[in-house]
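Engineer: My questions will all concern the structure given below.
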């Protein structure tokens, strides 16, 4: 008889395989995406245009039978274009709420750093509280709700850096990058005009996804593992090249996605390798370097790798 963990692991593996039919050669990035989906976190993808970010988001929504919405962020985008607005009904003399695209299960915030900080902040409440407030009234979002945001590298023309408060609400940051050359060549030869997402079928229902998320809470984190995680996090706050280390929110999200990774590996407990594997995608966007480190060519990944090498791994 299969354990609940085995069943959950099989469901996660099925979603990963389903997405791999559309986005090929990026199995490690797809795995991270599914981990965040199951852990209940939002994902930030920093990459150049045209590497399959929109296709990946649409495929994810179809895999879990969720409602998909896409917002193209532009400098003239208004907060109400995201959340919705109260519209006056002349016939009844009352206002009726017209919901915005944020009312979906999978929301693709495309090129989020092309909009102003005021518009970017319109997503903050939705990402943190899973509702939006319009004219003093709270409107709950559909469940489950996940934001998959993309941003262009900051050196691109017309970009606005995301504020620290918004960056911290993303569970992890990944980059897709170009596919391996042999796969890109195969796509050039064999890809037809048909939308590849049409080949994607539903793997699990939204209710099954909600139950899958609930199973994350049952994964055990032993005291030695939690101490190891906290040592790593604390080291980011004390490092001489770091201006701002990982927040308490980041610590909690780190522990939760580590639990999701344990489920994927068919375990009901977290091990040190889970913590180490997730360190860079979970912490890299939460660490702000000081000016000396930035001009010295040091990256947040360098800092994290250094910390992992110094902290003692529990047995």
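The values are calculated or read from the model by the stated rules, or taken from the named source; none is laboratory data. These figures come from a predicted structure and were not determined experimentally. Glycine also receives a Cβ, built like all others from the backbone with ideal geometry; neighbour counts cover every protein chain displayed.
Engineer: Looking only at the stretch 96-132, filter to residues that are free of Cβ contacts under 8 Å to residues at least 12 places away in the same chain and part of a strand (DSSP E or B); which one of those is nearest to residue 46 (Cα to Cα)?
Structural biologist: Restricting attention to the stretch 96-132, the residues satisfying the condition of being free of Cβ contacts under 8 Å to residues at least 12 places away in the same chain are 96, 125, 129, 131.
Filter again for part of a strand (DSSP E or B), leaving 96, 131.
Details: 96: 37, 131: 25 Å.
Ranking the candidates gives 131 first.
Engineer: Within the stretch 143-155, identify whether any single residue is at pLDDT 80 or above, assigned to a strand (DSSP E or B), outside the structural domain of residue 257 (by TED's automatic domain parsing) and more than 19 Å from residue 31 (Cα to Cα), and answer yes or no. Working first, answer last.
Structural biologist: Going residue by residue through the stretch 143-155, those that are at pLDDT 80 or above are 143-151.
Those still in the list that are assigned to a strand (DSSP E or B) too: 146-151.
Filter again for outside the structural domain of residue 257 (by TED's automatic domain parsing), leaving 146-151.
Next cut, more than 19 Å from residue 31 (Cα to Cα) only: 151.
Yes, the stretch 143-155 has at least one match.
Condition check ((1) within 30 Å of residue 60 (Cα to Cα); (2) over 20 Å from the mean Cα position of the chain (by Cα)) across all residues:
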position: 256; (1), (2): yes, no
position: 259; (1), (2): yes, no
position: 270; (1), (2): yes, yes
position: 304; (1), (2): yes, no
position: 308; (1), (2): no, yes
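Engineer: May I pose another question? In the list 293, 279, which residue meets the criterion of being over 26 Å from the mean Cα position of the chain (by Cα) and buried (at least 17 other Cβ atoms within 10 Å of the Cβ)? Steps first, please.
Structural biologist: Working: 279 fails: over 26 Å from the mean Cα position of the chain (by Cα).
So the residue among 293, 279 that is over 26 Å from the mean Cα position of the chain (by Cα) and buried (at least 17 other Cβ atoms within 10 Å of the Cβ) is 293.
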